[in-house]
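Chemist: Pasting a structure below so you can have a look.
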Amino acid sequence: MSSLLRAAPEILQAFGETFYMLLVTVPLAVLFGTALGTVLFLARPGSLLRAPRLYLALNATVNLLRSFPFLILMIALIPVTRLLVGTALGTTAATVPMVINAIPYFARLAEQALLDVDRGVIEAGQAMGMSRKQLVWHILYVEARSGLANCVTIVTVSFFGYSTVAGLVGGGGLGDFAIRWGYYRYETLVLFVTVGIMVACVQAFQFTGNTVVRRLDKRI
Amino acid sequence: MVGIELRGVTKTFDTPTGLLDAVNDVWLCVEEGSIHGIIGLSGAGKSTLLRLINLIERPDSGEVVVDGRELTGLSEEEVRHARRGIGMIFQHFNLLANRTALDNVALPLAIAGVAKREQRQIAIDRLETVGLPHKRDAYPAKLSGGEKQRVAIARALATQPRILLCDEPTSSVDPQTKGTILGYLREINRRFGITIVLVTHEMSVVRAVCDVVTVLDRGRSVEQFAPNDHLHRPRSAIASFLARSEIVLEPLGDDASVAVAGGE
């Protein structure tokens, strides 16, 4: 029990670090990922934009970035991270590879959410005289909004997990803390409690996400 | 006066099984203020023909003239603008599931740049036209099929179009609702003088509301007549088939199948 008391301030700090990483990663992934996913959707053969070469290029890039295991991507991106934040170590440095990995990930999820929009509704928008931009804002994002909200939950939970790897570059966070304090120092109680906190976090993310999706979805 | 004129329009699709002439050299005049039916079997090219009128499908050749303007000669932006004068309704209603009835009806007005308050007033007025003022805050999922189609009609009428395109508007509602929908279409036609082009595969629908009907067979216009002219005898095989079609089940045997009587 005393081991837990000694660890408490550090658990709190690790908690803060994890949330810092998520608060940077998730909004940037949603912003740029949605934009990229929308272009992928529009440029797809037979869709609203005739741009087969753009589609091939973006599709290949997204696949390339998604095929790197996160650990390797993190190491490979060290020079880029140095360039962007001045150092390759620390919590902020860890967010660079996370964001770069999360954008194509979210783009794929968003593309799928947009593909689920009924073609007939898009056609109704065209018949009203909507431009492509208006189709995106007035039809696609409106009809796909619950699907997109679900994508946000998925990406949050995934990168909550990925943030564990951030410990490798001194990123800190709950996962890193659980390994350093709990595992390497044989403080089993600290390990269990930290993992318990992580499980509770994921449950909370999923519950919140599901609630939002249910509010947004008027299809039933 | 001619409301819509198609001059030798052709549309070919590149399908995995080869080229498909969906619409093949069709010449068609739709009288202003009339209800013009387009009938044919599945795959006859009816829906494609309808989409050539508002240029959702661009013809490979031929001209489309609406209200004296040649749409096929306009730029993409001019075509979008012209579409505000052409309403459209669909077999599956195509309402936005995440918008209320009122917001669905107001949407084309927002696109046309109408001020917010005016949008609301016009939308309420259109919902009254189709007898659904009390459903304005309902989401489509809470409406019946007939109600959804009436909201879709209200939406199509929002921008005061001169023309209304109907793609199988009664094919996914029950027989009683079918009558209600057709009743509204006829009322709109009489009250506002809106020209209606109505695609269907049912001769009963044509008889109920159409002034003229064009019969389409494999992308070609094969016959045109007034459906309520009792002296008219269908000349084309497809027209007489559609006029007499009823479902007849063959007796159960080894290769039991459903056959449709009528035809040749």
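The values are calculated or read from the model by the stated rules, or taken from the named source; none is laboratory data. Note that the structure is predicted; figures quoted are calculated from it, not measured. Methodologically, a virtual Cβ is constructed for each residue, glycine included, from the backbone with ideal geometry; neighbour enumeration extends over all protein chains shown.
Chemist: How many of the residues making up the stretch B:59-75 are within 14 Å of another protein chain (Cβ to nearest Cβ) and free of Cβ contacts under 8 Å to residues at least 12 places away in the same chain?
Modeler: 2
Chemist: Answer yes or no as to whether A:SER146 is within 14 Å of chain B (Cβ to nearest Cβ) and of a type in the set (Gly, Ala, Ser).
Modeler: Against the criterion (within 14 Å of chain B (Cβ to nearest Cβ) and of a type in the set (Gly, Ala, Ser)), A:SER146 qualifies.
Chemist: Oh, and also: Which of (1) away from chain A (no Cβ under 14 Å); (2) farther than 28 Å from A:ARG219 by Cβ; (3) modelled with pLDDT of 95 or more is the odd one out, the single condition B:GLY43 does not satisfy?
Modeler: Here B:GLY43 meets the rest and fails (3).
Chemist: Those residues that are out of contact with any helix residue (DSSP H, G or I) (no Cβ under 8 Å at 6 or more places or on another chain) and on the phi > 0 side of the Ramachandran plot, I need them from the stretch A:72-117; list them, please.
Modeler: A:GLY86
Chemist: Oh, and also: I'm told B:GLN91 meets every condition in (1) under 22 Å from B:ILE196 (Cβ atoms); (2) touching a helix residue (DSSP H, G or I) at 6+ places or on another chain (Cβ under 7 Å) except one. Can you identify the failing condition by its number?
Modeler: Just one mismatch for B:GLN91, condition (2).
Chemist: Same structure again: Among all residue pairs at least 6 apart or on different chains, which show Cβ distances below 8 Å where the first residue, located in the stretch B:76-90, is within 8 Å of another protein chain (Cβ to nearest Cβ) and touching a residue at least 24 places away in the same chain (Cβ under 8 Å) and the second is part of a helix (DSSP H, G or I) and of a type in the set (Asp, Glu)?
Modeler: B:PHE90/A:GLU123
Chemist: Here is a follow-up. Please go through the stretch A:128-141 and pick out each residue that is within 11 Å of chain B (Cβ to nearest Cβ), part of a helix (DSSP H, G or I) and touching a helix residue (DSSP H, G or I) at 6+ places or on another chain (Cβ under 9 Å).
Modeler: Answer for the stretch A:128-141, where residues must be within 11 Å of chain B (Cβ to nearest Cβ), part of a helix (DSSP H, G or I) and touching a helix residue (DSSP H, G or I) at 6+ places or on another chain (Cβ under 9 Å): A:ARG132, A:GLN134, A:LEU135, A:HIS138, A:ILE139, A:LEU140, A:TYR141.
Chemist: Could I ask something else about it? Buried (at least 18 other Cβ atoms within 10 Å of the Cβ) and either under 25 Å from A:VAL157 (Cα atoms) or of a type in the set (D, E, K, R) (or both), is that true of A:THR92?
Modeler: Considered against the rule, which asks whether it is buried (at least 18 other Cβ atoms within 10 Å of the Cβ) and either under 25 Å from A:VAL157 (Cα atoms) or of a type in the set (D, E, K, R) (or both), A:THR92 comes out as no.
Chemist: Would you tally the residues in the stretch B:1-31 being farther than 21 Å from B:ARG83 by Cβ, assigned to a strand (DSSP E or B) and of a type in the set (Val, Ile, Thr)?
Modeler: Within the stretch B:1-31, residues that are farther than 21 Å from B:ARG83 by Cβ, assigned to a strand (DSSP E or B) and of a type in the set (Val, Ile, Thr) number 3.
Chemist: Anything in the stretch A:161-173 that is assigned to a helix (DSSP H, G or I) and in contact with a helix residue (DSSP H, G or I) (Cβ under 6 Å, 6 or more places away or on another chain)? List them, or say none.
Modeler: A:TYR162, A:SER163, A:THR164, A:VAL165, A:ALA166, A:GLY167, A:VAL169
Chemist: Still on this model: Considering only residues of the stretch A:110-127 that are touching a residue at least 24 places away in the same chain (Cβ under 8 Å) and buried (at least 22 other Cβ atoms within 10 Å of the Cβ), which is farthest from the other protein chains (Cβ to nearest Cβ)?
Modeler: That would be A:GLU111.
Chemist: If you don't mind, there's one more thing I want to ask. Only one of A:ALA166, A:ALA204 is free of Cβ contacts under 8 Å to residues at least 60 places away in the same chain and closer than 27 Å to A:ARG108 by Cα. Can you tell me which?
Modeler: A:ALA204
Chemist: On to the next question. Identify the residue in the stretch B:91-114 that is small (Gly, Ala, Ser) and touching a residue at least 40 places away in the same chain (Cβ under 8 Å) and, among all such residues, is nearest to the other protein chains (Cβ to nearest Cβ).
Modeler: Here the answer is B:ALA97.
Chemist: Next question. Where in the stretch A:1-84 are the helices (runs of 4 or more DSSP H), entirely inside, with at least 3 residues that are under 28 Å from B:PHE13 (Cβ atoms)?
Modeler: A:2-43, A:52-67
Chemist: Residues of the stretch B:115-156 being away from every other protein chain (no Cβ under 12 Å) and β-branched (Val, Ile, Thr), which ones?
Modeler: B:ILE122, B:ILE124, B:THR129, B:VAL130, B:ILE153
Chemist: On the given criteria, is A:THR211 polar (S, T, N, Q) and either closer than 30 Å to B:ASP103 by Cα or buried (at least 20 other Cβ atoms within 10 Å of the Cβ) (or both)?
Modeler: So A:THR211 passes the test.
Chemist: Residue check, A:LEU216 against (1) away from chain B (no Cβ under 14 Å); (2) touching a helix residue (DSSP H, G or I) at 6+ places or on another chain (Cβ under 7 Å), all met but one. Which one?
Modeler: (1)
Chemist: In the stretch B:129-153, what residues are in a helix (DSSP H, G or I), basic (Lys, Arg) and surrounded by 15 or more Cβ atoms within 10 Å (Cβ to Cβ)?
Modeler: Residues satisfying the conditions are B:LYS135, B:LYS148, B:ARG150.
Chemist: Which numbered condition in (1) modelled with pLDDT of 75 or more; (2) part of a loop (DSSP other than H, G, I, E, B); (3) touching an Asp or Glu at 6+ places or on another chain (Cβ under 9 Å); (4) of a type outside the set (Phe, Trp, Tyr) is the only one that B:ALA256 fails?
Modeler: Every listed condition holds for B:ALA256 apart from (1).
Chemist: I need the full set of residues from the stretch B:85-101 which are hydrophobic (A, V, I, L, M, F, W, C) and out of contact with any strand residue (DSSP E or B) (no Cβ under 6 Å at 6 or more places or on another chain), in order please.
Modeler: Once the filter is applied, which keeps residues that are hydrophobic (A, V, I, L, M, F, W, C) and out of contact with any strand residue (DSSP E or B) (no Cβ under 6 Å at 6 or more places or on another chain), the stretch B:85-101 yields B:PHE93, B:LEU95, B:LEU96, B:ALA97, B:ALA101.
Chemist: Continuing with the same structure: Look at A:VAL152 and say whether it is in a loop (DSSP other than H, G, I, E, B), more than 9 Å from chain B (Cβ to nearest Cβ) and of a type outside the set (D, E, K, R).
Modeler: Here the answer is no, as A:VAL152 does not meet what is asked.
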